[in-house]
Amino acid sequence: MENKILVTRSSMPPIEEYIEEIKEMWNTHWLTNMGPKHCQLQSELKEYLNVSDIELLTNGHMALELSLQAFSPCYGNVFQRDMRENGKKKLEVITTPFTFVSTTHAIVRNGMEPVFCDINPVDFTIDVEKLETLITDYTVAILPVHVYGNVCNIEEIERIANKYGLKILYDAAHAFGETYKNKGIGQFGDASCFSFHATKVFNTIEGGAVCFSDAEFGRELYRLKNFGIRDEETVDGVGANAKMNEFCASMGICNLRHIESEILKRKHIAERYDERLAGVAGIQIRHQQKDVESNYAYYPIIVDEKKMGKSRNEIFQDLKKQGIYARKYFYPLTNTFSCFNGKYDVSKTSVALDVSKRVLTLPIYSELELEIIDKICNIILE
Ligand SMILES: *Cc1c(COP(=O)(O)O)cnc(C)c1O
C-alpha cells in the first residue's frame with residue numbers, strides 16, 4: 001500500500017551525504033574491527049550524549065547482554081555464597097515486564113533470574129515503592145527501563161542500590177539524547193544501554209552503545225564485544241562478537257548531524273497530539289516530567305474504555321482500517337511470553353498488566369505531516 005502510515009519511519013540522511021561518508025572505504029578496505037568511522041562516531045556520541053565513556057556495539061540487545069556479563073566480577077561474593085549453600089548459582093536481577101523482550105532476554109541469557117517489579121501508572125517506569133521488597137540475598141543488580149523516554153526515579157533507585165550494594169544497569173534504548181537535571185541520561189547508574197536500531201530516534205541501521213564511567217568495566221566490555229580476546233595470543237574471556245561495523249558507524253555519523261532538527265520535529269508532532277487529545281475523557285496522554293529534556297521518541301495514549309466508549313483494540317482497528325498502523329507497545333508483557341512457560345506470576349505486576357492492555361503508541365517520526373496527525377486524532381475522537 002502506497003499511503004500506509006506506520007508507527008515509525010527510519011531517519012535517513014540525504015543519499016549523497018552517506019555516499020560521501022563511505023567513499024574512502026574503497027581505498028582503505030577497512031570495513032569493521034574498530035576502524036576510523038567507529039572511532040569517530042564513538043567520540044562524537046561521547047560528546048553529544050555528554051557521558052564520560054561509551055562503547056559501540058552491534059545492537060542494543062548485545063549492549064544489555066554484555067553489560068550484565070561485564071559486571072560479573074562484582075557478583076563474585078553472591079556467587080560464591082550460592083555455591084557454598086546450594087551448590088549452584090542463582091543470581092537475581094530486578095527489572096520490569098513493561099519493556100521490549102530484549103531487556104528480559106538479556107538477563108535470562110546470562111543465566112540469571114529476572115525478578116519482575118511492577119511499574120507506576122504515571123510514567124510507566126519501575127515502581128520504586130515496590131522495588132525494595134523484592135531484594136533478596138541473591139539480588140545482584142537492578143535493570144530499570146526509561147520507558148518511552150520517561151526517566152526512571154533515578155535518586156530513589158540509586159539510594160536503594162547503594163543501601164544493598166547492587167549494580168544499576170539502565171535500559172536507555174528509548175532515551176537517546178535526553179538530559180535529566182542537565183546531565184546526559186547515560187551518566188546515571190553503573191551503565192546505560194542505548195539502541196540505535198532503525199526504528200529508534202537515532203539509528204545506525206542496527207547498533208547500540210553502553211555508557212559508563214568505570215574504566216575497568218569498559219575494558220571488560222571491550223573484551224567481551226571482541227570474543228574475549230585480550231591480545232593476539234590470549235583469550236581470557238568467553239565473549240561474543242558485537243563490534244559495530246564501518247557502514248553502520250558511517251550511517252550514525254550522518255544521522256547525528258541531523259539529530260537536533262529530528263528531535264525538534266518530533267516535539268512539534270507531540271505537541272500537536274497534546275493539543276488534540278489533552279483533556280479528552282478516557283485518554284491519558286504523555287506525562288511531561290520535571291527536569292527532563294525529552295526526545296519525543298514515542299507518543300503513547302492509555303485508553304479508558306468506560307469513559308471513551310471504545311477499547312484500545314477498537315481504536316487500533318479503526319485506525320488500521322484507514323491505513324494507519326499504531327502499535328500496542330508494550331503488549332503483551334515480557335513475563336507472559338510462552339518461552340517462559342508460565343513461570344512468572346503476572347498478578348504481581350498488575351499495574352503493568354493493566355497498562356499493557358490499554359496502551360496504544362501513535363505514529364511519530366520527523367516527517368509525519370500535521371494533517372495525518374489530525375486525521376489520526378479525528379479517528380480516535382469520532
Ligand atoms: C529497541 C530496544 C531494545 C533492543 O535494542 P536492539 O538495538 O533492537 O537490539 C532493548 N530495550 C528496549 C526498551 C528497546 O526499545
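All of the numbers you see were taken from the coordinates with simple rules; none came from a lab. These numbers come from a predicted model, not from an experiment. Neighbour counts are summed over all protein chains in view; Cβ atoms, including those assigned to glycine, are modelled from backbone coordinates with ideal geometry.
Quick check: the distance between the Cα centres of the range 281-331 and the range 28-79, to the nearest angstrom?
Using only Cα atoms to place each centre, the spacing works out to 33 Å.
Given labels modelled 7 Å from the Cα in the Cβ direction, how far is it in nm from residue 19 to residue 367?
1.8
At a Förster radius of 45 Å, what calculated FRET efficiency corresponds to the Cβ-Cβ distance of residue 328 and residue 52, to the nearest 0.05?
Working: r = 37 Å, r/R0 = 0.83.
Result of the calculation: an efficiency of 0.75.
Rounded, prolate or oblate, given the Cα gyration tensor of the range 322-382, with a/c below 1.5 counting as rounded? Spell out each step's value before the answer.
Numbers: a/c = 3.66, a/b = 2.64, b/c = 1.39.
It comes out prolate by the Cα gyration axes.
Please list the non-local residues whose amide H lies under 5 Å from the amide H of residue 299, H modeled 1.01 Å from N, same-chain partners needing a gap of 5 or more.
Amide H neighbours of residue 299: 362.
How large is the dipole of the chain about the Cα centre if only Lys and Arg carry +1 and Asp and Glu carry -1, each at its Cβ, rounded to the nearest 20 debye?
Working: 44 positive and 54 negative charges, 223 e Å.
About 1080 debye.
What are the residues whose amide H is under 5 Å from the amide H of residue 91, where those residues sit 5 or more places off or on another chain and H is modelled from the backbone?
113
Where nothing but the Cβ of Lys and Arg (+1) and of Asp and Glu (-1) is charged, how large is the charge dipole of the range 204-304 around its Cα centre, in debye to the nearest 20? Don't skip to the answer; put the middle values down first.
Values: 13 positive and 17 negative charges, 98 e Å.
Roughly 480 debye for the range 204-304.
If the viscosity is 0.890 mPa s and the temperature 25 °C, what translational diffusion coefficient in µm²/s does Stokes-Einstein give for the range 206-356 when Rh comes from Kirkwood over Cα pairs? Show your work: numbers first, answer last.
Values: Rh = 20.2 Å.
Estimated diffusion coefficient is 121 µm²/s.
List the trypsin sites (Lys or Arg not before Pro) within the range 6-68 that fall in a DSSP loop (any state other than H, G, I, E or B) and whose Cβ has at most 12 other Cβ atoms within 10 Å.
Numbers: sites: 9, 23, 37, 46; in loops: 9, 23.
Listed in order of number, the matching sites are 23.
Treat each spin label as a single point 7 Å out from the Cα along the C-beta direction, and report the residue 159 to residue 338 distance in nm.
Between residue 159 and residue 338, the label points sit 4.4 nm apart.
Top mean-square fluctuation among 112, 244, 25, Gaussian network model of the chain, C-alpha springs under 10 Å?
Comparing 112, 244, 25 in a Gaussian network model of the chain, the most mobile one is 25.
Note the full-extension length gain between residue 378 and residue 136 as 0.36 nm times their separation in residues minus their Cα-Cα distance, in nm to one decimal. Can you show the working numbers first?
Values: separation 242, 0.36 × 242 = 87.12 nm, distance 4.94 nm.
Value of the extension gain: 82.2 nm.
When only alpha-carbon atoms are used, what values of Rg and Dmax, in angstrom, describe the chain?
For the chain, the Cα radius of gyration and maximum Cα-Cα distance read 21.3, 68 Å.
How large is ³J(HN,Hα) for each residue in the range 183-200, as worked out from phi by the Karplus curve 6.51 cos²θ - 1.76 cosθ + 1.60 (θ = phi - 60°), to whole Hz, x for Gly and Pro?
Each residue's phi maps through the Karplus curve to give 10, x, 4, x, 7, 8, x, 6, 7, 10, 10, 10, 10, 10, 5, 3, 8, 8 Hz.
Straight-line reach from residue 37: which lysines have Cα under 16 Å away, leaving out those fewer than 8 places along the same chain?
23, 46, 243
Provide the gained length on full extension for the span residue 229 to residue 213, in nm with one decimal, where the gain is 0.36 nm per separating residue minus the Cα-Cα distance.
3.6 nm
Cβ under 14 Å from residue 199's Cβ, residue 199 left aside: what net charge do those residues give with Lys, Arg +1 and Asp, Glu -1?
That sum, taken over residues with Cβ under 14 Å, equals +2.
Once the piece of chain linking residue 122 and residue 321 is laid out straight, how much longer is it, given 0.36 nm per residue of separation minus the C-alpha distance between them?
Going from the current span to full extension adds 68.6 nm.
Can you work out the FRET efficiency for the pair residue 281 and residue 199, with r the C-beta to C-beta distance and R0 = 30 Å, to the nearest 0.05?
Working: r = 32 Å, r/R0 = 1.06.
Taking R0 as 30 Å, the efficiency between residue 281 and residue 199 is 0.40.
If the elastic network links every pair of Cα atoms under 10 Å, which of 29, 38, 105 fluctuates the most in the Gaussian network model of the chain?
29
Taking +1 at the Cβ of each Lys and Arg and -1 at the Cβ of each Asp and Glu, which of 54, 172, 94 sits farthest along the dipole of the chain towards its positive end, judged by Cα position relative to the Cα centre?
The listed residue farthest towards the positive side: 94.
Only sites in a loop by DSSP and with at most 10 other Cβ atoms within 10 Å count here; which trypsin sites (Lys or Arg not before Pro) in the range 272-370 make the cut?
Numbers: sites: 272, 276, 286, 290, 306, 307, 310, 312, 320, 321, 327, 328, 343, 348, 357, 358; in loops: 286, 290, 310, 328, 343.
Counting only loop positions with at most 10 other Cβ atoms within 10 Å, the trypsin sites (Lys or Arg not before Pro) in the range 272-370 are 290, 343.
What does the net charge come to around residue 21 if you take all other residues with beta carbon closer than 14 Å to its beta carbon, with K and R at +1 and D and E at -1? Working shown, then result.
Values: positive: 23, 37, 257; negative: 16, 17, 20, 24, 44, 246.
Every neighbour counted, the sum reads -3.
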